[in-house]
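The values are calculated or read from the model by the stated rules, or taken from the named source; none is laboratory data. Only a predicted model underlies this, so the values are computations on that prediction, with no experimental measurement involved. Here the Cβ positions follow ideal geometry from the backbone for every residue, glycine too, while neighbour counts run over all protein chains shown. Note: accessible area is taken over every heavy atom of the protein model, side chains too, but ligands, DNA and RNA are not part of it. Shrake-Rupley method; radii C 1.70, N 1.55, O 1.52, S 1.80 Å.
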Amino acid sequence: MSPRTLLRSLTAAAAAAAALSLTACGAITSADSGSGGSGDGSFTLAPYIQQRIDDDKPMRIKLSYHDPSLAFATPIGAGMKKAGKELGAEVSLIGPTGGDAAKQVSEIQTLIQQKAVDGLAVSSASSDALKPVISQAYRAGIPIISFNTDNPDSQQMGFVGQDLKGSGKAQAEQLRKDLKGDVNGKSVVVFSVDTGAGWSHDRFNGFKEGLDGSGLKIVGPVNVGNEPNSAYNTVESTMSGQSGVAAVVGLDCCSTTAAAKWVAQSGKADTIAMGGFDLLTQTTEYIRSGVLDFSISQNPAEQGYQAVKVLHDFLTEGTEIKGVDTGAQFVTRENLADVAVED
């Protein structure tokens, strides 16, 4: 008998253990009722999903990314497709262009209502805005995790991605090592493509913690948006009003490249330390030229791959959902040749 047809008995046998180990969602129970949620708040697999498992149909797994127009979405999609091919799952990357939380919520609600998804991974455009629809999916009996951006106060069943606060703290600690000369009383200017996003808050809070006691004054974070020309113009206008700048940082792929462009054109690369995130082709060029001292890769292809695998293994094998930390890799001129570009 295949693992798929055994899922009900596997799930029931694992229920007691899961109740102790699944901190995000409680116990796992079998799908014997008409609705997803159970009376005690534990997770119950939706009957339509169980039927698809019993019928040996491919699992429909969707990754809802907060803005698929970002360059970072490309390697996520590549990792997702790789997992789909290996596991025999139907996969797709969805989400709102421009990071519109209301549109992301609406798109997910449609999937739930139409019973068009068997497993869902969400990268929230806004933690607060997405929390209710994550709960809605959970209560409907759809296995749901977060990826890339964590939403720990929701009913997500796990998280796949980088420790955002930890990565922000690590960025600040590395930046302190790269600072040039006496920086006491000087400033570090911080940029983000979306200062209102939960991931940006988490990363910035970690950055502030890592910079504590450095003597540096933090300016920002300054919102630049994700349109390249507009982002650069915002960086340029922000920097024109600053003096005594010791460092510049980007909290994501695109604010990093916009800020690095300004540092390069200002001719101040020798006096301003700079750290960023992600590894677009432009980012590698700024690292190679010495404009950017380092960037932190969060392995987006692995995020896409693991998001699919975690959900698929739960659905087809009854494997407990656990978080996957995809890590933080520092990229400098010394190891640049050994690291994969993310676009």
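Taking only the Cα atoms of the stretch 101-222, how large is their convex hull per residue, in Å³?
Spelled out: Cα convex hull of the stretch 101-222, divided by residues, is 96 Å³.
Which FRET efficiency, nearest 0.05, do LYS322 and SER266 yield, Cβ-Cβ r, R0 35 Å?
Given R0 = 35 Å and the Cβ-Cβ separation, E is 0.15.
Compute the helix-to-body angle for 73-87: its Cα long axis versus the longest principal axis of the chain, expressed 0 to 90° and rounded to tens.
30 degrees
Take the alpha carbon atoms of the stretch 172-296, find their radius of gyration, then divide it by 2.2 N^0.38 Å using N residues; give the quotient.
0.93
Restricting attention to the alpha-carbon atoms of the chain, what are Rg (one decimal) and Dmax (integer), both in Å?
Cα radius of gyration and Dmax of the chain are 21.6, 70 Å respectively.
On full extension of the chain, what length is gained from GLU227 through GLU334, given 0.36 nm per residue of separation minus the C-alpha to C-alpha distance?
Using 0.36 nm per residue and subtracting the Cα-Cα distance, I get 35.5 nm.
What distance in nm separates the simple spin-label points at ARG288 and SER240, each placed 7 Å from Cα in the Cβ direction?
Taking the simple label geometry, ARG288 and SER240 are separated by 3.2 nm.
So which aspartates and glutamates can LYS165 reach, going by Cα to Cα under 12 Å and dropping same-chain residues fewer than 8 places off?
Filter leaves ASP150, ASP202, GLU209.
In nm, what is the difference between 0.36 nm times the number of residues separating ALA78 and ALA129 and their Cα-Cα distance?
Going from the current span to full extension adds 15.6 nm.
Specify the angular offset, from 0 to 90 degrees and rounded to the nearest 10, of the alpha carbon long axis of helix 253-266 from the longest principal axis of the alpha carbons in the chain.
10 degrees
With θ set to phi - 60° and the Karplus curve 6.51 cos²θ - 1.76 cosθ + 1.60, what are the ³J(HN,Hα) couplings of the stretch 136-147 in order, to the nearest whole Hz, using x for Gly and Pro?
Per residue, the Karplus-derived 3J(HN,Hα) values read 4, 5, 4, 5, 7, x, 9, x, 9, 10, 9, 9 Hz.
So, with a 1.4 angstrom probe, what is the percent of accessible area on the stretch 210-302 that is carbon and sulfur?
Reported share for carbon and sulfur atoms: 42 percent.
Starting from 0.36 nm per residue, how many nanometres of slack lie between ALA116 and LYS103 once their C-alpha separation is accounted for?
Once the chain is fully extended between ALA116 and LYS103, it gains 3.0 nm.
Per Stokes-Einstein, at 25 °C and 0.890 mPa s, what whole-number D in µm² s⁻¹ belongs to the stretch 170-242, with the Kirkwood radius over Cα pairs as the hydrodynamic radius?
For these conditions, the coefficient is 187 µm²/s.
Running a GNM on the chain with Cα contacts under 10 Å, which residue among ASP163, ASP194, ASP55 ends up with the highest mean-square fluctuation?
In the Gaussian network model the winner is ASP55.
In degrees, nearest 10, range 0 to 90: what is the angle between the Cα axis of helix 198-211 and the longest Cα principal axis of the chain?
Approximately 50 degrees, to the nearest 10.
Accessible area per residue, 1.4 Å probe, Å², for the chain: what's the number?
41 Å²
Would you mind classifying the stretch 140-204 by shape? Square roots of the alpha carbon gyration tensor eigenvalues, ordered a ≥ b ≥ c; an a/c under 1.5 is rounded, otherwise it is prolate if a/b is larger than b/c and oblate if not.
Since a/c reaches 1.5 and a/b is larger than b/c, the shape of the stretch 140-204 is classed as prolate.
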